[in-house]
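I'd like to ask you about the structure that follows.
The values are calculated or read from the model by the stated rules, or taken from the named source; none is laboratory data. What you are looking at is a predicted structure, and each value in this text was computed from that prediction instead of being measured. Here the Cβ positions follow ideal geometry from the backbone for every residue, glycine too, while neighbour counts run over all protein chains shown. Side chains are part of the model used for accessible areas, which takes the heavy atoms of the whole protein and leaves out ligands, DNA and RNA. Shrake-Rupley method; radii C 1.70, N 1.55, O 1.52, S 1.80 Å.
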There are 2 protein chains.
Amino acid sequence: MTRGNRNVDLRHLRYFVAVAEEENIGRAAARLHISQPPLTRQIQQLEEELGVTLFTRTPRGMELTQAGELFLEEARNIRALVEQATERTQRAGQGKLGRLDVGIFGSAILDAIPKLLLAFRNRYPDVKVVLHTMTKAEQIEALRQRRISVGFNRMLAPLADLEIKQVTTETLLLAVPAEHPLAAQPVIHFAELQDHPMVLFPTGARPSFIDKVIGLCTDSGFQPLISQEVGDAVTGVALVAGGFGVCLVPDSATTLQFPGVIYRQLADTPPNFYVDLSCIYRKDDQSPILAAFLDTAERYREETA
Amino acid sequence: MTRGNRNVDLRHLRYFVAVAEEENIGRAAARLHISQPPLTRQIQQLEEELGVTLFTRTPRGMELTQAGELFLEEARNIRALVEQATERTQRAGQGKLGRLDVGIFGSAILDAIPKLLLAFRNRYPDVKVVLHTMTKAEQIEALRQRRISVGFNRMLAPLADLEIKQVTTETLLLAVPAEHPLAAQPVIHFAELQDHPMVLFPTGARPSFIDKVIGLCTDSGFQPLISQEVGDAVTGVALVAGGFGVCLVPDSATTLQFPGVIYRQLADTPPNFYVDLSCIYRKDDQSPILAAFLDTAERYREETA
DNA sequence: TTTGATGATACCTGTAGGGTATTGAGAAGG
DNA sequence: CCTTCTCAATACCCTACAGGTATCATCAAA
């Protein structure tokens, strides 16, 4: 038994389907924009490759044999699949289809990231976005191991193989217990924080938002009174609600409406009284999905500037 | 958006899969028994046709992009389908796969046909045999309209467009009511039938088995006493059981064991005291399935000769 | 720096797919 | 019965492209 299908190619299928549908080589040739003789030869060749008579030649044209009927079904099916495969691959190549693994940190899901992901899903509905909660250090490792394609974090330091792109900046607010003395004041000056215990976050890899806060204080000439260091903003605000002190948070933390916690703007704030939210990704990652995502992030940044 | 897949062909898929699996163009080329440069070009061409980067070139070789991963799955799938399609079509072309529509008459299902169909199904298990019960005239029309490929009947007359092939012959027996006078005799001579009413079958297109029986009688010098004409052998034997008379039947009718009916051989039978069972099919039918069936029928005839 | 992988390029060649002209074979029509 | 029409098949030519050889470019490891 010869393995003839080695030389069967999609052209044969296209031609075969045309002839089967037209039941006439001449018309099929016209439809295919070629002349009749080459089409005759291609059909003969296909029959020879398969070792099967696909058509019975009648004076009125070409009529499918039983085997031909079967092959017609198969050929149509294969052609449709090829069409679909190329189309899907093209969409994947344009970043419109596939999967994007994203690393996020505990409390970054408060404001910017949900909005950004929503915008991305609207533009690329067939890209499956998978979120992985992980710390900054874990994100960097996961990026290098290609377990994620992009991470979100704050206060990212430059790295040789990773690119950092700022998504948004947030100014800082003070989370205060409702019964706290500061809460009663009409205006709170930043320098007043030196007299009150503060909750800081996050624990983990430095530099982090903790260093940011400490830096702001030292720049203003005082050392903060550290009440607690906790893992993330959510826990921090929960401790504020529990009376552990005040806490500087990015303004997106206002999404957290704990009973007994109020958010206050500060007066006389030092320069750099804001914190960035950036995304981080491999410099050598050419994935069109990542490109599409970064483009969406860029638009988001411009819109919210 | 270019419809580039027009020129994607199966060779591209074969090459692509090899490169994707080897992750190295040189090794893939060796596996494909071609040299490296043409393979490089084919892959470039495929990427260009699709408008998608399928591989990232690294100093260690070729690595699939996300879109490439997707296309690999699709390509493997398509290649398997082509393999399957050609294989199935080849089997269909050899008569090993497909469908055979067979016309049979009411009582021919008694002996030969079940055995023959069984033999055919054993040799060609993937051919679906569909039985259609129809009269001789209906079979001929159905053959011409290609609703069936082969019919079974007795006493077929030659026709211009249809071929007749004898499958078997059966000698005749007499079905007698148990309490009939003839049943008591140790030997029944054919000529004695002139004194007893007979049930004849089948009604419908002539010439038929009825003419056969009448002809046997007239050749022996008498006119049969006709009790009833009925549609088929089953009804005929049923009437014998009801005392309507005796009935000449092909010996396969002994499959019908009605209470009160006994089958007797006759003595002094005239020549041609048998009836044929033939199959009939279109002379111009080139179907390999029909050919396979006729071959099985021929073997059956030889084995039962 | 050198060496040794890798894939990419340049250029040639032969084949096979496509074109035109023609033939052969039934069916239809006068 | 001969002609005519309509099919597919054949003969023959030409060109585009798959495949070959030789060489280059690049990067990593020694």
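Within region A:74-93, count every residue that is of a type in the set (D, E, K, R) and either touching a residue at least 24 places away in the same chain (Cβ under 8 Å) or in contact with a His (Cβ under 7 Å, 6 or more places away or on another chain) (or both).
So the answer is 3.
Further question on the same structure: Take A:V150 and decide whether it is touching a strand residue (DSSP E or B) at 6+ places or on another chain (Cβ under 9 Å), buried (at least 22 other Cβ atoms within 10 Å of the Cβ) and at pLDDT 90 or above.
Answer is yes for this residue.
If I filter region B:40-54 down to residues being within 14 Å of another protein chain (Cβ to nearest Cβ) and either free of Cβ contacts under 8 Å to residues at least 12 places away in the same chain or small (G, A, S) (or both), which single residue comes out as farthest from DNA strand C (Cβ to nearest atom)?
Step by step, filter region B:40-54, then rank; the result is B:G51.
Here is a follow-up. Got a number for residues in region A:217-231 being in a loop (DSSP other than H, G, I, E, B) and surrounded by 18 or more Cβ atoms within 10 Å (Cβ to Cβ)?
Count: 2.
Right, another one. Give, as residue ranges, the strands (runs of 3 or more DSSP E) completely inside region B:3-120 that count at least 2 residues that are open to solvent by 30 Å² or more (accessible area, probe 1.4 Å) and at negative phi.
Result: B:55-58, B:61-64.
Within region A:99-128, can you find the residues that are within 14 Å of another protein chain (Cβ to nearest Cβ) and touching a strand residue (DSSP E or B) at 6+ places or on another chain (Cβ under 6 Å)?
A:R99, A:L100, A:D101, A:V127, A:K128
With respect to the numbered conditions (1) under 29 Å from A:P114 (Cα atoms); (2) open to solvent by 50 Å² or more (accessible area, probe 1.4 Å); (3) among the charged types (D, E, K, R), which one is the sole condition not fulfilled by A:E170?
With (1) under 29 Å from A:P114 (Cα atoms); (2) open to solvent by 50 Å² or more (accessible area, probe 1.4 Å); (3) among the charged types (D, E, K, R) applied to A:E170, the lone miss is (2).
Can you find even one residue in region A:19-39 that is facing chain B (nearest Cβ under 9 Å) and touching a Ser or Thr at 6+ places or on another chain (Cβ under 7 Å)?
Checking region A:19-39: not a single residue is facing chain B (nearest Cβ under 9 Å) and touching a Ser or Thr at 6+ places or on another chain (Cβ under 7 Å).
Out of B:I289, B:I280, which single residue is within 14 Å of chain A (Cβ to nearest Cβ) and open to solvent by less than 40 Å² (accessible area, probe 1.4 Å)?
The conditions single out B:I289.
What are the residues in region A:68-98 that are touching a strand residue (DSSP E or B) at 6+ places or on another chain (Cβ under 9 Å) and more than 7 Å from chain B (Cβ to nearest Cβ), if any?
Scanning region A:68-98 gives A:G68, A:E69, A:L72, A:R91, A:G95, A:K96, A:L97.
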